[in-house]
Amino acid sequence: MVYVPGDVAAARRRGGSTGVIKYLALRLGLPLAGRFPRLFYGLAFIAGGAAWRLRPSLRRRVIANLAPACDGDRSRTSTEGLKVLRNVARYYVDLASLPHRDMAHYERDHITLVNGERLAIIRQPGPIIVVSAHMGDPELAVRALSYRGRPFVALVEPLHPRAVARYLLRLRSAAGGSFHEADFGGLRACVDALRAGGLLAILADRDLQGSGVCVQMCGRQVKLPRGPWELARRTGATVLPIFCARRGIDHLTVFVEEAFSVDGALEAEDAVRAATERFATLLERHIRREPGQWIVLEDFWRVHRCAES
């Protein structure tokens, strides 16, 4: 599950003193946030509002990302954009709270399911790829749903400085699941888990490798990653799309979409394209419904634009 809100290109370039400051801030701030989450969720609300006002370049990127989903409605775009920054800040409180969560009861206490009957497939034998997007906090949702008897593996984006990456991996692992960076070794671990009938969690709304499939979404031509669909076709895994939305201080609504398979009878590229287009249709519907839940901070439509557009 590649899940890091923010301008990833900038994050990869960070190092030196900036990297040290970021690492120290995480090491000092996250333990406090984990022990006093309600207080820090309130502070996150304030911090998101401050970022909206004090970082005009960030505000412009968020507005540009949401404008197509809001059909050019400037008032709605601004309202939803402010929600984006507040939800980004809340994500880090989520992360900090992981070692202190009772994940066995998280679904009961903190999640409302829509079409929850579709989760019955998790109890059936065979490999499953849970595919989601940078909406709400799908990482928390997958952790909760894995208590249906399916331990999971997940891919996360390699980060710099490396001290930050190692720290976040340890933090994520403290609440269960097996996390791997999205490199050759991580991909190998995911393939092995799927071939053993396991569950893989991955996000499919940002083409980090630059080799994605060009599809139409919100009236734009954009590349979405091909990796989840190639993995599903290669391993015969069932794809289960889920999308999340925050509610209040510490609650999620999880929308469970209909499971499907990547058609092995088609040529490989045709099968991958069909699955990508199917996911793009779902993703657009959820982004249009609640744009403020989509916490992508990079200039999405520029970074992931198709070569011909």
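Derivation of every value follows stated rules applied to the coordinates shown; laboratory data play no part. Remember, predicted model here, so these are calculated numbers, not experimental data. A quick note on method: Cβ atoms are made from the backbone with ideal geometry, for glycine too, and the neighbour counts reach across all protein chains shown.
Over all directions, average the projected area of the Cα convex hull of segment 179-293 and note it in nm². Before the final figure, lay out the partial values.
Numbers: hull surface 32.5 nm².
Result: 8.1 nm².
Run lengths n ≥ 4 of DSSP H only: what is the helix-derived mean residue ellipticity at 222 nm for the chain, with -39500 (n - 2.57) per run over all residues, to the nearest 500?
Details: 12 runs with 151 residues, N = 309.
Taken over the chain, the calculation gives -15500 deg cm²/dmol.
Tell me, what HN-Hα J-couplings in whole Hz come from the Karplus equation 6.51 cos²θ - 1.76 cosθ + 1.60 at θ = phi - 60° for each residue of segment 201-216, using x for Gly and Pro?
Listing the rounded values in order: 10, 8, 9, 10, 10, 9, 8, 5, 8, x, 10, x, 9, 7, 9, 9 Hz.
Which whole-angstrom value gives the distance between the alpha carbon centres of segment 154-232 and segment 85-144?
Rounded to whole Å, the Cα centres lie 16 Å apart.
List, in order, the whole-Hz ³J(HN,Hα) value for each residue of segment 286-302 obtained from phi through the Karplus relation with A = 6.51, B = -1.76, C = 1.60 and θ = phi - 60°; use x for Gly and Pro.
These are the phi-based 3J(HN,Hα) values: 6, 5, 5, 5, 9, x, x, 7, 8, 9, 9, 9, 5, 6, 4, 5, 7 Hz.
At a Förster radius of 22 Å, what calculated FRET efficiency corresponds to the Cβ-Cβ distance of His251 and Arg35, to the nearest 0.05?
On the way: r = 20 Å, r/R0 = 0.91.
The pair His251/Arg35 has a calculated efficiency of 0.65.
So in the chain, what percent of DSSP beta bridges are antiparallel if you round to the nearest 5? Could you put the intermediate results ahead of the total?
Values: 15 of 35 bridges.
Among the beta bridges of the chain, antiparallel pairing accounts for roughly 45 percent.
Which residue, Gly149, Gly248, Gly126, tops the fluctuation ranking in a GNM of the chain built on C-alpha contacts under 10 Å?
Among Gly149, Gly248, Gly126, the largest mean-square fluctuation in the Gaussian network model of the chain belongs to Gly248.
Pick out which of Ala141, Ala268, Ala245 has the largest mean-square fluctuation in a Gaussian network model of the chain, springs linking Cα atoms closer than 10 Å.
Highest fluctuation of the listed residues: Ala268.
Across the chain, where is the longest run that never hits GluC sites (Glu not before Pro) in a DSSP loop with at most 10 other C-beta atoms within 10 Å? Walk me through the numbers before you get to the answer.
Working: sites that count: Glu267, Glu308.
Between exposed loop sites, the widest span is 1-266.
Compute from the Cα atoms of the chain the Rg and the Dmax, the latter being the longest Cα-Cα distance, and quote both in angstrom.
In Å, with Rg to one decimal and Dmax whole: 18.4, 53.
Along segment 32-49, what does the Karplus equation 6.51 cos²θ - 1.76 cosθ + 1.60 (θ = phi - 60°) give for ³J(HN,Hα), rounded to whole Hz, x for Gly and Pro?
Using θ = phi - 60°, the values come out as 5, 4, x, 7, 10, x, 4, 4, 6, 5, x, 5, 5, 4, 5, 4, x, x Hz.
State, as an integer percentage, the relative contact order of the chain based on alpha-carbon contacts under 8 Å between residues 6 or more apart. Mind dumping the intermediate values first?
Details: 535 pairs, mean separation 83.3, N = 309.
Worked out over the chain, it gives 27 percent.
Measuring from label point to label point, each 7 Å out along Cα→Cβ, what is the Leu169 to Phe184 span in nm?
My value for the distance between the label points is 1.6 nm.
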